[in-house]
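Rule-based calculations on the coordinates, nothing more; no lab input. These numbers were taken from a predicted model, which means no experiment stands behind them. Reconstructed Cβ throughout: ideal geometry from the backbone, glycine too, with neighbour counts over all protein chains shown.
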Amino acid sequence: MAATEQNYGTGRRKSAIARVWLVPGEGNITINGRNCTQYLGRPVLEILVRSPLVALNMDGRFDVKATTKGGGISGQAGAVRLGIARALLTYDEGLRKELRTAGFLTRDSRVKERKKYGRKKARRGFQFVKR
């Protein structure tokens with residue numbers, strides 16, 4: 001990426017963090033140096049990642065380069081999706097209304113609840129027998 005213009009966005013989902021760069025290109029999506037289809041493995045996640053670009057009819061206009069860490073594949077896909085949406089905002093602020101109404105700019109705040117003492121998991125108690 002020499003002197004071409006690139007747009008950056010950060011996405012988070014659960015414990016996954018994605019750093020996303022948009023570069024004018026032909027629509028290739030690369031996550032952690034691998035093709036999107038190869039990295040994610042499931043077509044549903046690929047559709048999820050592409051959804052902000054498809055909603056704005058920009059699917060073939062940008063190459064996406066993303067690095068992700070933390071969480072699982074599904075959380076990373078959600079993080080890349082938010083990163084792409086935020087990077088599109090740095091490209092053109094006028095897209096905010098369309099992205100907001102489609103729900104691409106909302107950070108999904110649901111995270112795993114912490115385990116409490118005296119319990120087996122966050123809410124599940126130990127098995128109890130009265131006897």
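For the range 80-92, indicate whether the set of residues that are without any contact (Cβ under 8 Å) to a residue 40 or more places away in the chain, aliphatic (A, V, I, L, M), within 24 Å of ILE17 (Cβ to Cβ) and part of a helix (DSSP H, G or I) is non-empty. Let's see the steps before the verdict.
Within the range 80-92, the subset without any contact (Cβ under 8 Å) to a residue 40 or more places away in the chain is 92.
Adding the requirement that they be aliphatic (A, V, I, L, M) leaves none.
Checking the range 80-92: not a single residue is without any contact (Cβ under 8 Å) to a residue 40 or more places away in the chain, aliphatic (A, V, I, L, M), within 24 Å of ILE17 (Cβ to Cβ) and part of a helix (DSSP H, G or I).
Out of GLU26, GLU113, which single residue is loosely packed, with under 12 Cβ neighbours inside 10 Å, assigned to a loop (DSSP other than H, G, I, E, B) and touching a strand residue (DSSP E or B) at 6+ places or on another chain (Cβ under 8 Å)? Walk me through it before giving the result.
Working: GLU113 fails: touching a strand residue (DSSP E or B) at 6+ places or on another chain (Cβ under 8 Å).
None of the others qualify; the one that does is GLU26.
Contact list please: Cβ distance under 7 Å, first residue in the range 17-29 and at positive phi, second residue not in a strand (DSSP E or B), pairs at least six apart or on different chains.
From residues that are at positive phi, the pairs are GLY27/ASP59; GLY27/GLY60.
Tally time: how many residues in the range 31-64 are assigned to a strand (DSSP E or B) and either touching a Cys at 6+ places or on another chain (Cβ under 9 Å) or surrounded by 20 or more Cβ atoms within 10 Å (Cβ to Cβ) (or both)? Full working, then the answer.
Taking the range 31-64 as the starting set, the residues that turn out to be assigned to a strand (DSSP E or B) are 31, 34-35, 62-64.
Checking the rest, the ones that are also either touching a Cys at 6+ places or on another chain (Cβ under 9 Å) or surrounded by 20 or more Cβ atoms within 10 Å (Cβ to Cβ) (or both) come to 31, 62, 64.
Of the residues in the range 31-64, 3 are assigned to a strand (DSSP E or B) and either touching a Cys at 6+ places or on another chain (Cβ under 9 Å) or surrounded by 20 or more Cβ atoms within 10 Å (Cβ to Cβ) (or both).
Of all residues being part of a strand (DSSP E or B) and charged (D, E, K, R) in the range 8-23, which is surrounded by the fewest Cβ atoms within 10 Å (Cβ to Cβ)? Just the residue, please. Spell out how you get there, then give the answer.
So the first thing to find is which residues in the range 8-23 are part of a strand (DSSP E or B), and the list is 8-13, 16-23.
In the following step, the residues that additionally are charged (D, E, K, R) were identified as 12-13, 19.
On the way: ARG12: 19, ARG13: 26, ARG19: 17.
Per the stated criteria, the residue is ARG19.
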